[in-house]
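> Sharing a structure below in structure tokens format, with a few things to ask.
The values are calculated or read from the model by the stated rules, or taken from the named source; none is laboratory data. Values in this document were obtained by computation on a predicted structure and should not be read as measured data. Cβ: placed from backbone, ideal geometry, glycine included. Neighbour counts: every protein chain shown. These area figures cover heavy atoms from the full protein model, side chains too; ligands, DNA and RNA do not enter into them. Shrake-Rupley method; radii C 1.70, N 1.55, O 1.52, S 1.80 Å.
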Amino acid sequence: MASPSRSGVFAKDTDSRVELFTESISFDARLYAHDIQGSIAHAQMLEKVGILTEEERQAIESTLLEIKQDIEDGNFTTSISLEDIHMHIEKMLIDKLGDTGRKLHTGRSRNDQVSTDFRLWIRDALDRVDQLLLQLQQAFVGRCDQDFETIIPAYTHLQRAQPVLASHYWLAYCEKFQRDRERIADCRKRLNVSSLGVAALAGTSIPIDRQDTAERLGFADVAANSLDVSSDRDFVLESAFALSVISTHLSSWAEEWILWKTVEFDFIDLPHDFCTGSSIMPQKINPDILELVRGKTGRVIGSLQTLLVLVKGLPLAYNRDLQEDKPALFDAFDTVEACLDIAAPLVEGARIKVDSINARLEKGFLDATSLMEYLILNGIPQRTAHHMVGSLVGLATENNTTLAELPLEEFQKLSPDLDEKIYGVLGVKNAIAAFKSYGSTAPDQVKSQISAWKTRLGL
Ligand code: ARG
């Protein structure tokens, strides 16, 4: 099967080892639908500028749609001698249409074709990821009402810090995934520029209409410099970066819930249909999904690294190295989509173990900062108040009590004006009630955030 890309200049057929080494059909076949979409737009434009007749354009368009159907029906065999999906489709077109098929590649090259196809593919993939992120946000927000009364310890350095409402915790992840969605939208904006028609690198003397193809393909703009855009893979890097950040967010969440699922924490139960067992230890209910979500982050970040190194030394414009961008980015999308897809039902199905959490909630002096702030509000300078509470924590630790269990004299020893009112901020419930600032875990703040999120996410 001779490739349409092999001109009369070659004195010898390609060595079979070269075909095997240089092929990309084994991974770029998944661009077929976008390749056909781009080719149809190109053919329509060629008709508009008078290069194809209406009949030729119609034949090309309907044959490309037949080829698409054939591929989807599995009537499609690939051959490394045709290198990539672009050559396969063009060869099928030429086999069916002869010279009419041979006209399609007028005014374009595979370089702009690859870039166009990849932009179209990534644009759809970004939209899928955005939808999956939305579903995960909805899963977190969907828990907020049922968990509203639940208070959990929050940590810094993985040491108990201050109490928060569980719903405040859920909304923290919504914020992270919202920034991820904004990054996706931002990346989509810069990607959504047409490279079609810059041909190999310098443009073309054929009177094509690039604005026309851009509009047909839903691109918001046309790239202004042929050399730049035929070498540009910023949109691939940015997508990989956006995916890497999503992965790190998922990984932190997974790590946290793996800890929460231990006997030591005992904060959460995961739905059994989303857990796995052990072949030797009958008691095990393992959080493998969360571990894999955490583990797969390595692949996504690895893809970003691969892509950055791939492009770092490339002179303008197209270099064959760029073919290597696809396996890395496809894998990053596949991985992140799979992780997001499995995360949402896990979030919905998990059960907070309120009794177990409550049984140890007064441990770890989660109310120490509220006490310090109470002292500050009673006129004691912050550094002094910080020191005083530290010594009270030391005293309580020695006596194995909580701050709320210390007698009033102990507080008065440090500041004689203090009275019974001090107990109003002690204990985790009181500490929660004392919060006031915007964005804090104060129940009325969290309530208004929940309702803002519900509106924003269409719940
Ligand atoms: N299979 C190649 C790719 O995906 C096609 C590039 C064709 N351009 C070229 N100058 N050989 O990048």
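> Any idea which residue in the range 215-232 is modelled with the lowest pLDDT, counting only those that are closer than 17 Å to Ser109 by Cβ and either over 32 Å from the mean Cα position of the chain (by Cα) or not in a loop (DSSP other than H, G, I, E, B) (or both)?
Among them, the one singled out is Ser230.
> Looking at the range 320-347 only, could you name the residues that are without any contact (Cβ under 8 Å) to a residue 12 or more places away in the chain and more than 30 Å from Val141 (Cα to Cα)?
Taking the range 320-347 and keeping what is without any contact (Cβ under 8 Å) to a residue 12 or more places away in the chain, we get 321, 334.
The one that is without any contact (Cβ under 8 Å) to a residue 12 or more places away in the chain and more than 30 Å from Val141 (Cα to Cα): Asp321.
> Just checking, which of Ala161, Ala166, Ala200, Ala172 is within 28 Å of Phe241 (Cα to Cα) and touching a residue at least 60 places away in the same chain (Cβ under 8 Å)? Spell out the reasoning first.
Details: Ala161 fails: within 28 Å of Phe241 (Cα to Cα); Ala166 fails: within 28 Å of Phe241 (Cα to Cα); Ala172 fails: touching a residue at least 60 places away in the same chain (Cβ under 8 Å).
None of the others qualify; the one that does is Ala200.
> Sticking with this one: Quick check: anything in the range 168-178 in contact with a Ser or Thr (Cβ under 6 Å, 6 or more places away or on another chain) and surrounded by 22 or more Cβ atoms within 10 Å (Cβ to Cβ)? Lay out the reasoning, then the answer.
Taking the range 168-178 first, the residues in contact with a Ser or Thr (Cβ under 6 Å, 6 or more places away or on another chain) are 168.
Then keep just the ones that are surrounded by 22 or more Cβ atoms within 10 Å (Cβ to Cβ); that gives 168.
Checked against the condition, which is being in contact with a Ser or Thr (Cβ under 6 Å, 6 or more places away or on another chain) and surrounded by 22 or more Cβ atoms within 10 Å (Cβ to Cβ), the range 168-178 yields at least one hit.
> For residues that are touching a strand residue (DSSP E or B) at 6+ places or on another chain (Cβ under 6 Å) and of a type in the set (Gly, Ala, Ser), scanning just the range 154-201, find the one that is nearest to Asn111 (Cα to Cα).
Among those residues, the one meeting the criterion is Ser194.
> Return the only residue of Ile422, Ile450 being within 33 Å of the chain's Cα centre (by Cα) and surrounded by 18 or more Cβ atoms within 10 Å (Cβ to Cβ).
On the way: Ile422 fails: within 33 Å of the chain's Cα centre (by Cα).
Going through Ile422, Ile450 in turn, the sole match is Ile450.
> Kindly indicate the residue of the range 179-191 that is open to solvent by less than 20 Å² (accessible area, probe 1.4 Å) and either basic (Lys, Arg) or within 10 Å of the chain's Cα centre (by Cα) (or both) and also farthest from Ser252 (Cα to Cα) among those meeting that condition.
So in the range 179-191, the residues open to solvent by less than 20 Å² (accessible area, probe 1.4 Å) come out as 180, 184, 187, 191.
Within this subset, residues satisfying the condition of being either basic (Lys, Arg) or within 10 Å of the chain's Cα centre (by Cα) (or both) are 180, 184.
Details: Asp180: 14, Ile184: 20 Å.
Ranking the qualifying residues of the range 179-191, first place goes to Ile184.
Yes/no matrix, rows are residues, columns are (1) buried (at least 19 other Cβ atoms within 10 Å of the Cβ); (2) within 16 Å of the ligand (Cβ to nearest atom):
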| position | (1), (2) |
| --- | --- |
| Asn111 | yes, yes |
| Val114 | yes, yes |
| Arg119 | yes, yes |
| Ala139 | yes, no |
| Cys144 | yes, no |
| Ile151 | yes, no |
| Val193 | no, no |
| Val198 | yes, yes |
| Ala202 | no, yes |
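> Still on this structure: Which residues, counting only those in the range 427-446, are free of Cβ contacts under 8 Å to residues at least 24 places away in the same chain, open to solvent by 60 Å² or more (accessible area, probe 1.4 Å) and not in a loop (DSSP other than H, G, I, E, B)?
Ala433, Asp444
> Quick check on Glu175: is it in a helix (DSSP H, G or I) and among the acidic types (Asp, Glu)? If you could, list the steps in order and put the result at the bottom.
Working: in a helix (DSSP H, G or I): yes; among the acidic types (Asp, Glu): yes.
Spelling it out, Glu175 is indeed in a helix (DSSP H, G or I) and among the acidic types (Asp, Glu).
> Return yes when Asp15 is of a type in the set (D, E, K, R) and either in contact with a Leu (Cβ under 6 Å, 6 or more places away or on another chain) or away from the ligand (no atom under 12 Å from the Cβ) (or both) and no when it is not. Give the derivation first.
Values: of a type in the set (D, E, K, R): yes; either in contact with a Leu (Cβ under 6 Å, 6 or more places away or on another chain) or away from the ligand (no atom under 12 Å from the Cβ) (or both): yes.
So Asp15 passes the test.
> Ok, one more. What helices (runs of 4 or more DSSP H), lying completely within the range 335-408, carry at least 1 residues that are within 20 Å of Thr150 (Cβ to Cβ) and not basic (Lys, Arg)? I'd like the intermediate steps shown before the answer.
Details: elements: 354-359, 368-377, 382-398.
Helices (runs of 4 or more DSSP H) meeting the threshold: 354-359, 368-377.
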